[in-house]
Amino acid sequence: MLRPQARRAIGRVSLSRRLSSQVPATAKMTMFAAINDAMRVALATDPRAVVFGEDVAFGGVFRCTMGLLEEFGKERVLNMPINEQGLVGFGIGMAAVGGTAIAEVQFADYIFPAMDQICNEAAKFRYRSGGEFDVGGLTIRAPANAVGHGGHYHSQSPEAYFAHTPGLKVVYPRDAITAKGLLLACIRDRNPCIFFEPKVLYRSSVQEVPTGDFMLPLGKAEVLTEGSDITLVAWGAQVHVMLKAAARAAEEGISVECIDLATILPWDMHTIRDSVRKTGRLVVTHEAPLTAGFGAEICATIQTHCFDSLEAPIARVCGADTPFPLALEKLYLPDELKVYDAIKQAVSY
Amino acid sequence: MLRRAAAPRAAAAARRALSTYPPYAEPAAFDGAKRVEFDVPYELHQLSSAPASFTYVSKAELLDYYTQMYKMRRMEIASDTLYKGKFVKGFCHLYDGQEAICVGMEAACTKKDPSSGKLTNALTGGESLDSLVTSYRDHCHQVARGDTVEAVLSELLGKYKGCAKGKGGSMHMYRANANFFGGNGIVGAQAPIGAGLAFAHKYKEDGGVAFTLYGDGAANQGQLYEAMNMAALWKLPVVFVCENNQYGMGTSKGRSSANSDYYTRGHYIPGIKVDGMNVLNVREATRFAKLHALHNGPLVMEMDTYRYHGHSMSDPGITYRNRDEVASVRKARDPVERAKRYLLELEFATAAELKEVEVAVRSEVDAAVEAAKANELPPAHELYEDIYVGQTKEFFMRGCDMSASRGVYGTTK
Ligand SMILES: Cc1ncc(C[n+]2csc(CCOP(=O)(O)OP(=O)(O)O)c2C)c(N)n1
Ligand SMILES: [Mg+2]
C-alpha cells in the first residue's frame with residue numbers, strides 16, 4: 001500500500017497530465033489491458049503496423065494481445081515460432097521498408113538470443129548506412145523484473161545491456177497509465193525501442209487510463225513526489241519500492257523527492273541533476289545487479305554535475321551481483337527496507 | 001575432464017570400449033526373454049537400415065521399466081498436487097505422458113559399474129557413460145539417471161537437499177556422476193551443448209554418445225541447425241532427440257513448423273521417427289541410434305509422444321486442444337499402461353503382483369513428498385556461492401553483504 005503522501009503525489013501527477021491533454025476520457029484498466037489498448041490504437045491508426053511474437057495470436061502469456069487477432073486479422077497479428085533472433089530480424093526487415101513492427105519477446109530473459117539482431121543490426125542500421133536507412137518502426141516489448149518466484153529465467157532486468165548500445169531507446173513504464181502512453185510513443189518513435197514491462201504490475205496496477213490516442217514523452221523523467229532532503233531515482237516495478245521507502249522516511253520528517261526515470265536510454269539527466277542540486281543527496285535503486293547496472297551511469301554523471309551540491313556519497317541500492325536467484329529472492333532484491341536504510345545513511349552522513 | 005586416452009594402456013582400453021559396440025544387429029533371443037513385436041512402423045529419412053520392429057525382453061527388464069515409469073507418473077502427479085498446494089518454488093513443467101522416452105532411452109544407454117569399471121546396459125545401478133542434456137522438462141530424466149524422487153521433489157520445493165541445492169528448481173536438475181547435463185531454461189540452448197558433449201566423447205574415445213533432447217517448438221530455433229552442421233562436419237557421436245509432444249506452449253506443431261516431420265529436419269543428417277509411447281520400441285530405436293552415432297555420426301530421432309498436463313502449471317492445457325484429444329491419447333497410447341499390458345500379456349506378472357509394485361511405489365513417493373516438505377531451505381550464503389570457482393572471503397560479491405553498514409549496498413565495496 002502506498003502511504004498517503006505518495007498516493008497524493010501520484011494523484012497530482014495524473015491530474016496535471018489529464019488537464020494538459022484536453023481532458024481525455026478514461027476507463028479503468030489493468031496494465032495489461034492498457035498495453036493491449038495501446039497496440040489496438042497503433043493497429044487502428046497505422047495500416048503498416050503489425051504485431052508478432054510467440055503465442056500472441058492467442059493473447060500471449062500475459063494476455064497483452066488479447067482480441068487483436070480477431071479485430072485486425074491474421075495478416076497483422078502473427079504467431080511466431082520460437083525463434084527470438086529470427087523474429088527480431090524479421091521486424092528489422094519490416095521496419096527497414098517503413099513498416100511498424102511491434103514484436104513481443106515472451107520474457108526479457110529470452111531477449112538474449114536476439115541480442116545480435118538488436119545490438120548489431122537494429123541499433124546501427126541508420127548510422128552505418130549514413131542515414132540512408134533506419135528501423136525506427138521497430139518496437140520490442142518484453143516482460144521484465146521480478147515476480148517473487150520466477151527464478152533465473154523469468155525475472156531478469158536486462159536494461160543495462162541495451163543501454164550500452166547507442167541507437168536504441170530503452171523504456172520502462174511503472175503502471176497502467178505510463179504503459180499505455182509510453183508504449184504508443186515507442187511504437188511511433190522513429191528509433192528502435194525496447195519496452196520492458198514490469199510483469200508483476202500486469203494485473204496489480206489498475207488505473208483510470210486515457211482511452212483513445214494517448215502518448216507520453218520519451219526521454220523524460222517524472223518527478224513523482226517533490227522533496228528537499230534527498231532525491232531517489234528508480235524505474236519499472238522498483239518505483240513502487242522507492243515510493244514505499246520514501247513514505248517510511250517521510251514519517252520521520254525526511255522530505256524525499258522521488259523520480260521515475262521512465263526512459264533509460266536516452267536518459268533525462270537534467271531532471272535528476274536539478275533535483276540533486278536542490279536536495280544534495282541521491283540514492284538510485286534498481287533490481288538488476290549492482291555492478292555496471294544503469295545506476296552506475298547515473299551516479300557517475302551526477303557526481304560530475306553536482307559535485308559542489310553533494311552532502312553525502314551517492315548510494316545505489318540494487319540487486320546483488322549474483323545470477324537472479326530462485327532460492328533467496330528476498331535477500332537478492334533491493335527491498336523497501338534496504339532503500340529506507342540507504343536514505344537514513346545519506347541524510348545522517 | 002577432457003583428457004584424451006593418449007597413454008597406450010588407456011588407448012587400448014578405449015578401443016576395447018568401442019569394440020563392445022559392434023554395428024547394430026537385430027535383437028537376439030536370450031534365456032527367459034520373450035519376443036515383442038512393435039505396432040507402429042518407423043519413418044526413415046536417408047537411412048538405408050532401420051532398427052528391428054521387435055525386441056526380446058526379460059521379466060526383470062520389463063518389470064524394472066514399468067516400476068520406473070509408474071514411479072515417474074506418481075512423482076509428476078505428486079508435483080502437481082504440491083504445486084497446487086503452493087509448495088513449489090517457481091515454474092513447473094511436468095513430463096507425464098512422455099515417461100517411455102526417458103526410461104526406454106536410459107535402458108539402451110551404457111552404464112559403467114562404479115567398482116569394476118565394466119560397461120553394462122542395466123537400467124538401474126551404475127553410472128551412465130552416455131551424456132544427456134535436455135530442456136526444462138527434466139524431472140523424469142533426473143530419476144532415469146539414477147536420482148531419487150526425494151531429491152527431485154526437494155529441488156522443486158527449493159530445498160537444500162534438492163539435486164541442485166534448491167538453487168535450480170524444476171527446470172534445472174543435474175547429475176554429474178551420471179553425465180546428465182541437466183535442464184535448460186532457454187529453448188534450444190541445449191542443442192549445440194549436445195554437439196560439444198559428443199565431441200568430448202569422440203576426443204576421449206570412451207565409446208559414449210551424447211543425446212540432446214528438444215521439443216517440437218524448440219525445433220525452430222536456429223541454434224539446432226548450427227549444431228547439426230557441426231555434428232555432421234565432424235561426424236560427432238550425437239543423437240538429436242526431438243520429443244514431439246505435438247505442442248510448444250499453446251502452439252500446435254503445424255502452426256509453428258513449416259515441416260513438422262522433425263525426423264527429416266536434419267536434412268543431410270539421417271533421421272528416424274519412433275513411437276515414443278512404447279518403452280520397448282524406444283529402447284530398440286535408441287540402441288540403433290547409439291550405434292549409428294558411434295559408427296556413422298549424428299542422427300535425428302523424433303519421438304512421437306504427448307504431454308498430458310498443460311505446458312506448465314499455469315497452463316490448464318485445454319484452451320488450444322480439447323479434453324477429448326487428451327483423453328483419447330490416455331486411453332489408446334498411455335505409455336505406463338502399455339508397459340503394464342505387456343507384463344500381463346507376456347505373463348511376466350499377474351495383476352496382483354503389479355498391484356504390490358504399485359503400492360510400494362506409491363508409498364515411496366508419498367514418503368518422498370513428506371521428506372521434501374520437511375527438508376531445510378538453503379542457507380543465506382548460498383545466494384552468493386557457486387558463481388565463481390574458488391570464491392574466498394576477499395572475493396566479495398557486491399551487494400551480498402547483508403549487515404547494515406555503509407558499504408552494504410555497494411557504495412564502498
Ligand atoms: C529462448 C526462449 N524463448 C521462449 C521461451 C518460452 N518457452 C518455454 S517452453 C516453450 C515451448 C517449447 O515447446 P517445445 O520445444 O515443444 O517443448 P515442450 O514444452 O513441448 O516440451 C516456450 C516458448 C524460452 N524458455 N526460451
Ligand atoms: Mg512440444
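Computed from the coordinates by the stated procedures, all read-outs in this text should not be read as laboratory data. A quick note: this is a predicted structure, and the numbers were derived from the prediction, not measured. With ideal geometry, Cβ positions are generated from the backbone for all residues, glycine too; neighbour counts draw on all protein chains shown.
Run the simple label-point estimate for A:Ser255 and A:Lys220 please: 7 Å along Cα→C-beta, distance reported in nm.
2.6 nm
With a ≥ b ≥ c the root eigenvalues of the C-alpha gyration tensor of region B:255-361, is it rounded (a/c under 1.5), prolate (a/b larger than b/c) or oblate? It would help to have the intermediate numbers written out before the result.
Working: a/c = 2.70, a/b = 1.22, b/c = 2.22.
Here region B:255-361 falls in the oblate category.
Could you please report the charge total around B:Asp216, scoring K, R as +1 and D, E as -1 over all other residues with beta-carbon less than 13 angstrom from its beta-carbon?
Numbers: positive: B:Arg137, B:Lys253, B:Arg255, B:Arg265, B:Lys273, B:Arg307; negative: B:Glu243, B:Asp261, B:Glu302, B:Asp304.
Net charge in that neighbourhood comes out at +2.
For chain A, what does the helix formula give at 222 nm: sum of -39500 (n - 2.57) over DSSP H segments with n ≥ 4, over the residue count, nearest 500 deg cm²/dmol?
Working: 13 runs with 129 residues, N = 349.
The helix contribution divided over chain A gives -11000 deg cm²/dmol.
Computed FRET efficiency, Cβ-Cβ of B:Ala374 and B:Gln46, R0 41 Å: what is it to the nearest 0.05? Display every interim value, and only then the final one.
Working: r = 53 Å, r/R0 = 1.30.
The computed FRET efficiency comes out at 0.15.
Taking K and R as +1 and D and E as -1, what net charge do the other residues with C-beta under 9 Å from the C-beta of B:Lys112 add up to? Don't skip to the answer; put the middle values down first.
On the way: positive: B:Lys111, B:Lys118; negative: B:Asp113, B:Glu127.
Neighbourhood net charge equals 0.
Quick check: pseudo-label points 7 Å beyond the Cα along Cα→Cβ at B:Val359 and B:Ala327, how many nm apart are they?
If labels sit at B:Val359 and B:Ala327, their model points lie 3.1 nm apart.
Would you mind getting me the FRET efficiency between A:Glu208 and A:Ser309? Use the beta-carbon distance for r and R0 = 25 Å, nearest 0.05.
Values: r = 38 Å, r/R0 = 1.51.
Computed FRET efficiency for A:Glu208 and A:Ser309: 0.10.
Which entries of A:Lys74/A:Lys124; B:Lys71/B:Lys355; A:Lys28/A:Lys338; B:Lys204/B:Lys273; A:Lys28/A:Lys180 show an alpha-carbon separation above 24 angstrom in the structure shown?
From the list (A:Lys74/A:Lys124; B:Lys71/B:Lys355; A:Lys28/A:Lys338; B:Lys204/B:Lys273; A:Lys28/A:Lys180), the Cα-Cα distance tops 24 Å for A:Lys74/A:Lys124; A:Lys28/A:Lys338; B:Lys204/B:Lys273.
Under the 0.36 nm per residue contour assumption, what length would be gained going from the current alpha-carbon distance of B:Ser115 and B:Lys59 to full extension? Could the numbers behind the result be given before it?
Values: separation 56, 0.36 × 56 = 20.16 nm, distance 2.61 nm.
Stretched fully, the B:Ser115-B:Lys59 segment lengthens by 17.6 nm.
What chymotrypsin sites (Phe, Trp or Tyr not before Pro) in region B:41-146 are in a loop by DSSP, with at most 12 other Cβ atoms within 10 Å of the Cβ?
Values: sites: B:Tyr42, B:Phe54, B:Tyr56, B:Tyr65, B:Tyr66, B:Tyr70, B:Tyr83, B:Phe87, B:Phe91, B:Tyr95, B:Tyr136; in loops: B:Tyr42, B:Phe87, B:Phe91, B:Tyr95, B:Tyr136.
Answer in residue order: no site qualifies.
When chain A is treated as a GNM, springs tying every alpha-carbon pair under 10 Å, which of A:Glu257, A:Glu197, A:Glu226 comes out with the largest mean-square fluctuation?
Judging by the Gaussian network model, the answer is A:Glu226.
When only alpha-carbon atoms count, how far does chain B stretch along each of its three principal axes, as whole angstroms with the largest first?
Here the spans come out as 73, 54, 48 Å, largest first.
Count neighbours as other Cβ atoms within 10 Å of each site's Cβ, and list the trypsin sites (Lys or Arg not before Pro) in region B:172-258 that are DSSP loop with at most 15 such neighbours.
Loop-located and lightly packed - B:Lys235.
Mind checking which lysines have their C-alpha under 16 Å from B:Lys84, skipping anything on the same chain fewer than 8 residues away?
B:Lys84 reaches B:Lys373.
Which of the trypsin sites (Lys or Arg not before Pro) across region A:45-113 are loop residues per DSSP, with 11 or fewer other Cβ within 10 Å? All intermediate terms of the calculation are to be shown ahead of the outcome.
Numbers: sites: A:Arg48, A:Arg63, A:Lys74, A:Arg76; in loops: A:Arg48, A:Arg63, A:Lys74, A:Arg76.
Passing both the DSSP loop test and the Cβ count: A:Lys74.
Helix-only estimate, please: 222 nm mean residue ellipticity of chain B, summing -39500 (n - 2.57) across DSSP H runs of length 4 or more and dividing by its residues, to the nearest 500.
That comes out to -12000 deg cm²/dmol.
Any idea what the relative contact order of chain B is, in percent, if you count C-alpha pairs under 8 Å spaced at least 6 apart?
Details: 801 pairs, mean separation 82.4, N = 413.
It rounds to 20 percent for chain B.
Given region A:221-266, report the % of alpha carbon pairs whose separation exceeds 16 Å. Please list the in-between numbers first.
Values: 313 of 1035 pairs.
Within region A:221-266, distances greater than 16 Å cover 30 percent of Cα pairs.
So what are the ³J(HN,Hα) numbers for region A:199-210, from phi and the Karplus equation (6.51, -1.76, 1.60; θ = phi - 60°), rounded to whole Hz, Gly and Pro as x?
5, 5, 9, 3, 9, 7, 8, 10, 9, 7, 9, x
How much length would be gained if the chain were fully extended between B:Asp31 and B:Ser252, taking 0.36 nm per residue of separation minus their Cα-Cα distance, in nm to one decimal? Kindly include the intermediate steps, with their values, before the conclusion.
On the way: separation 221, 0.36 × 221 = 79.56 nm, distance 4.47 nm.
The B:Asp31-B:Ser252 span can extend by a further 75.1 nm.
Counting only other residues whose beta carbon sits under 10 Å from that of A:Arg174, what net charge do I get with K and R as +1, D and E as -1?
Values: positive: none; negative: A:Asp175, A:Glu222, A:Asp260.
Taking every Cβ under 10 Å from that of A:Arg174, the sum is -3.
Restricted to Cα positions, what overall size does region B:155-217 have along the principal axes? Three whole-Å values, descending.
38, 30, 12
Plugging the Kirkwood radius over Cα pairs into Stokes-Einstein for region B:121-201, at a temperature of 25 °C and a viscosity of 0.890 mPa s, what D comes out in µm²/s? Working shown, then result.
On the way: Rh = 12.7 Å.
Roughly 193 µm²/s, to the nearest whole number.
Please go through the residue pairs B:Lys235/B:Lys290; A:Lys199/B:Lys165; B:Lys89/B:Lys253; B:Lys112/B:Lys290 and name each one whose alpha carbons sit more than 19 Å apart in this structure. The partial results should precede the final answer.
Working: B:Lys235/B:Lys290 13 Å; A:Lys199/B:Lys165 27 Å; B:Lys89/B:Lys253 30 Å; B:Lys112/B:Lys290 16 Å.
Violating the 19 Å limit, Cα to Cα: A:Lys199/B:Lys165; B:Lys89/B:Lys253.
Show me, for region A:315-324, the HN-Hα J-couplings you get by feeding each phi into the Karplus relation (A = 6.51, B = -1.76, C = 1.60, θ = phi - 60°), rounded to Hz, glycine and proline as x.
10, 10, 10, 9, x, 6, 7, 9, x, 4
DSSP beta bridges in chain B, what fraction antiparallel, as a percent rounded to 5?
Once the DSSP bridges in chain B are tallied, antiparallel ones form about 40 percent.
Where does the Debye-calculated log10 I(q)/I(0) of chain A sit at q = 0.08, 0.09, 0.13 Å⁻¹, using only Cα point scatterers of equal weight, no solvent?
Reported log10 I(q)/I(0), two decimals: -0.36, -0.46, -0.98.
Using only the C-alpha atoms of the protein assembly as shown, find the volume of their convex hull and express it per residue in Å³. Walk me through the numbers on the way to the answer.
On the way: hull volume 136.6 nm³, N = 762.
Output value, Cα hull per residue: 179 Å³.
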